[in-house]
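Below: the structure, in structure tokens.
The values are calculated or read from the model by the stated rules, or taken from the named source; none is laboratory data. Keep in mind that what you see is a predicted model, and the values were worked out from it rather than measured. Note that each Cβ is placed from the backbone with ideal geometry, even for glycine, and that neighbours are counted across all protein chains shown.
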Amino acid sequence: MDKIKFAADSLVESAETKLKIKDACLESILKAVDLIVGLYRKGNKLLLCGNGGSAADCQHIATEFMIRLNHQLKRPPLCAIALTTDSSNLTAGANDIGFENVFARNVQGLGNKGDVLIAISTSGNSPNIIKAVSMAHEKGMQVIGFLGGAGGNLKTNVDIPVVVPSSNVQRIQEGHITIAHIICELVELELYGDQVK
């Protein structure tokens with residue numbers, strides 16, 4: 001294997017995917033920003049769920065909202081909860097009610113009308129994410145889907161699909177975190193841009 005070529009090709013593919021995101025996702029990204037700004041102005045909260053690398057992204061994104069992303073801003077925390085971080089909750093849920101229900105159960109318990117769920121699935125077909133989305137709608141919540149490829153079953157079941165145009169899971173995940181950073185920083189600037197240090 002030519003390691004140099006492999007690494008160079010991966011970097012080029014990553015960069016090309018980001019350029020495709022600009023063309024394919026910009027409108028959805030801006031809609032997501034408006035939705036999240038609106039929920040925070042009304043005192044509501046953001047919930048996030050995903051599996052594997054997407055679970056880690058949930059944690060990452062929730063932290064950016066709760067702490068801050070733009071260090072030029074002095075702002076209060078923005079309520080965001082990753083449903084992926086409580087090992088006791090997840091393992092009890094998987095054991096007692098089935099892993100396909102763990103996120104739906106938490107959305108049922110924590111979600112309220114006016115809240116927003118960010119549902120992350122690189123395939124758009126994860127059963128436990130599909131159930132969480134369904135429960136969010138039952139609770140009167142809106143859903144932003146961070147998806148990949150063709151968007152899977154979730155593309156038509158979320159309110160705002162943000163679909164990274166790639167079939168490579170690594171590139172999709174890289175795209176998701178880039179999109180999340182853009183959304184978070186735009187939300188911060190929209191709400192607290194007058195408080196730049």
Report summary line: Exactly one of LEU69, LEU78, LEU47 is outside any helix (DSSP H, G or I), surrounded by 14 or more Cβ atoms within 10 Å (Cβ to Cβ) and touching a Leu at 6+ places or on another chain (Cβ under 7 Å), and that residue is LEU47
Query raised in the report: If you go through segment 68-121, how many residues are β-branched (Val, Ile, Thr) and within 14 Å of LEU46 (Cα to Cα)?
Result: 6
Query raised in the report: Do you know which residues across segment 137-169 are in a helix (DSSP H, G or I) and either among the polar types (S, T, N, Q) or touching an Asp or Glu at 6+ places or on another chain (Cβ under 7 Å) (or both)?
Result: ASN153, THR156
Report task. Restrict the check to segment 84-100 and report whether at least one residue is within 20 Å of ALA180 (Cβ to Cβ) and either in contact with a helix residue (DSSP H, G or I) (Cβ under 7 Å, 6 or more places away or on another chain) or not hydrophobic (A, V, I, L, M, F, W, C) (or both). Result -> yes
Report task. Could you please find all residues in segment 126-153 being over 18 Å from GLU27 (Cβ atoms) and touching a strand residue (DSSP E or B) at 6+ places or on another chain (Cβ under 6 Å)? Result -> ILE129, ALA132, VAL133, ALA136, MET141
Query - Condition met for SER134 (surrounded by fewer than 24 Cβ atoms within 10 Å (Cβ to Cβ), in contact (Cβ under 8 Å) with a residue 12 or more places away in the chain and in a loop (DSSP other than H, G, I, E, B)) - result: no
Report summary line: Exactly one of LEU154, LEU117, LEU189, LEU147 is more than 16 Å from the chain's Cα centre (by Cα) and either within 22 Å of ALA80 (Cα to Cα) or modelled with pLDDT under 95 (or both), and that one is LEU189
